[in-house]
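Structure record follows, encoded as structure tokens.
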Amino acid sequence: MKGAPFAGVLRLSQFMIRQDRMRYMWWLVGITVMTLVVPPAFNELYPTEQDRNLLAETMKNPAMEAMVGPGDLANYTLGAMVSHQMLLMTAIAVAIMNILLMVRHTRAEEEEGQAELLRSLPIARHSQLTASILTLFGVNLLLALLIGVGLYSLSFDSMGLSGSVIYGASLGVVGLFFAGVTAVCSQLSESSRGAVGLSFTVMIGCYVLRSVTEWIPPFGWLTQVQPYSDNNWLPAVGLVITSLVWFALAIILQGKRDMGSGFLPSRSGRAHASILLRHPIGLAWRLQRTAFISWSVGMLVLGLSYGSVLGDLDSFFQDNDMLAAMIVADENSSLTTQFLPMLMAVLAFISTIPALLSIHKVVGEERKSRVDHLLGRAVSRRKLLVSYLVLALCTGFVMLSFSALGLWLAGTTSMEDPFTFFTVWQASIVHFPAVVVMIAMSTCLIGIAQKATGFIWLYLFYGFLTLYLGGLFQFPGWMEKLSPFGFVSKLPIEDMNWLHAGGLVAVAVVLLLFGIHRFTNRDIEG
């Protein structure tokens with residue numbers, strides 16, 4: 001095999017596609033459908049130029065620009081509206097797809113011993129990584145084609161062929177960028193969990209930095225493409241070149257390390273276990289503390305990023321009488337105050353992610369047959385699951401609090417009349433019952449069918465979609481109420497609805513008890 005450094009790449013690519021074809025299909029269908037349903041809905045809700053211009057006025061504020069990026073608000077056609085509202089958010093979904101798939105095909109298989117088994121076959125050292133890159137290149141190319149052709153086939157006047165093609169291509173190259181980033185992170189970390197954590201840290205960092213400057217790839221470059229208006233191909237070409245650099249670096253790094261190792265090795269443990277490891281919750285904390293700290297810092301930084309625009313929001317509203325006339329619903333609440341619940345809701349959805357990852361950790365340990373060692377000792381199934389559950393609940397609470405702290409700290413320096421910390425913290429922590437319901441639903445899935453736990457992410461995305469696009473799409477109220485976040489009081493512009501909060505807690509308790517009961521009575525995968 002010395003003369004064939006990439007022998008077996010095509011066969012391995014075929015194997016990966018066959019093994020995960022359903023996973024690819026669900027990702028591609030989900031992202032494509034999410035993209036294609038938006039233009040017809042926008043066209044029905046905002047049919048005239050006047051309607052679109054009024055919406056453009058609501059987008060001309062620092063808070064919205066921090067979340068979705070700049071847009072062609074002077075010429076807010078249907079195509080420009082779709083690009084402005086959806087391109088960045090869809091790109092995040094594409095990034096998550098590539099991160100999870102690349103880790104699955106590289107570090108996860110190496111961690112579970114499958115890569116070593118493949119290396120025993122007549123393939124080269126770099127074949128598996130190269131096959132993963134080639135496979136994801138095909139997945140992103142197919143995604144770009146599906147979205148580009150799909151958008152053009154809708155036959156809207158302002159959504160021509162060139163704009164549709166560059167819209168799909170932009171999402172594809174963002175996917176390639178994060179596939180490359182994750183390939184490098186898989187060489188740096190010793191575990192799949194660490195590779196995912198590093199990759200998500202890079203993704204969140206790029207998103208936060210994009211709100212500061214548009215020159216940070218990939219999201220900053222993505223917002224400069226402007227499909228259906230400028231159709232600027234240069235940033236997309238730059239992302240392709242950057243992706244190739246990431247891929248080349250990953251291949252070089254793989255050639256310099258031993259199988260199972262990483263360039264960021266775990267530090268040596270203690271000679272004797274700490275007293276915390278005498279209880280399952282101590283072990284759960286030890287396994288997740290790095291991710292917990294990383295997410296805490298990330299939520300603090302994200303809160304700081306959102307809070308830094310609050311001062312500009314005040315001055316913007318003062319200078320825009322038209323927007324003030326459209327938004328004011330309560331003379332007792334300032335316009336910035338009325339934006340606070342929306343900002344905290346977005347942060348609450350993001351805070352739910354690490355909480356769900358925490359409870360899902362027990363599923364990963366079970367799949368790797370690691371819980372058998374614990375259950376073979378004086379540890380009950382109930383105690384094991386409750387340990388991870390307690391840690392997940394604490395994670396959700398801490399993430400909400402850190403995001404509130406970051407927003408308040410930045411707001412105190414950017415606003416002339418800043419919010420009190422208690423006001424911001426209340427607006428954030430009011431989402432905690434909804435987060436608990438999401439954790440409880442995951443617990444149920446773990447107890448009933450642990451292979452179906454991935455569906456909770458679709459449900460979380462549904463809740464975000466109805467919140468983020470509910471006002472734009474004018475969704476009926478019952479659609480929002482299908483998510484637990486639809487019952488959250490919008491503090492501080494609304495009074496606290498203790499009935500809704502108590503109902504969410506009651507539902508969560510029932511789901512938790514049912515999930516724990518089912519987990520203690522089902523077979524353990526092994």
### Message
As an exercise, find the ratio Rg/Rh for the stretch 378-526 from alpha-carbon atoms, using the Kirkwood inverse-distance average for Rh.
### Response
1.04
## Note on the structure
Which of (1) 38, 32, 21; (2) 68, 28, 24; (3) 44, 32, 21 is the computed semi-axes √(5λ) of the Cα gyration tensor in Å? It is (1)
### Task
In whole Hz, with x marking every Gly and Pro, tabulate ³J(HN,Hα) for the stretch 251-261 from phi via Karplus 6.51 cos²θ - 1.76 cosθ + 1.60, θ = phi - 60°.
5, 5, 5, 4, x, 10, 10, 7, 4, x, 9
#### Entry: Whole-percent carbon and sulfur share, accessible surface of the chain, 1.4 Å
64
### Summary
Averaged per residue, the 1.4 Å probe accessible area of the chain, protein heavy atoms only, in Å², is roughly 45
### Query
So, in the chain, how many Lys pairs have Cα atoms under 30 Å apart, if the pair is 8 or more places apart or on different chains?
12
### Summary
Residue span Q114 to F475: 0.36 nm per residue of separation minus Cα-Cα distance leaves a gain in nm of 125.3 nm
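Can you give the helix-only mean residue ellipticity at 222 nm for the chain, where every DSSP H stretch with n ≥ 4 adds -39500 (n - 2.57) and the sum goes over all residues, rounded to the nearest 500 deg cm²/dmol?
Result for the chain: -24000 deg cm²/dmol, rounded to the nearest 500.
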### Summary
Checked against the positive end of the charge dipole of the chain (+1 on Cβ of Lys and Arg, -1 on Cβ of Asp and Glu, about the Cα centre), the farthest of I524, C444, L234 is I524
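Suppose we look only past 18 Å in the calculated P(r) of the stretch 194-272. What percent of the Cα-Cα pairs does that tail hold?
Taking all Cα-Cα pairs of the stretch 194-272, the fraction more than 18 Å apart is 60 percent.
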### Task
Take peptides 166-175, 451-460, 221-230 and line them up by average Cβ neighbours within 10 Å, highest first, as a rough protection proxy.
166-175, 221-230, 451-460
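The values are calculated or read from the model by the stated rules, or taken from the named source; none is laboratory data. Remember, predicted model here, so these are calculated numbers, not experimental data. Every residue, glycine as well, gets a Cβ built from its backbone with ideal geometry; the counts of neighbours run over all protein chains shown. Each accessible area value is taken on the protein alone, full model and side chains, heavy atoms only, with ligands, DNA and RNA left out. Shrake-Rupley method; radii C 1.70, N 1.55, O 1.52, S 1.80 Å.
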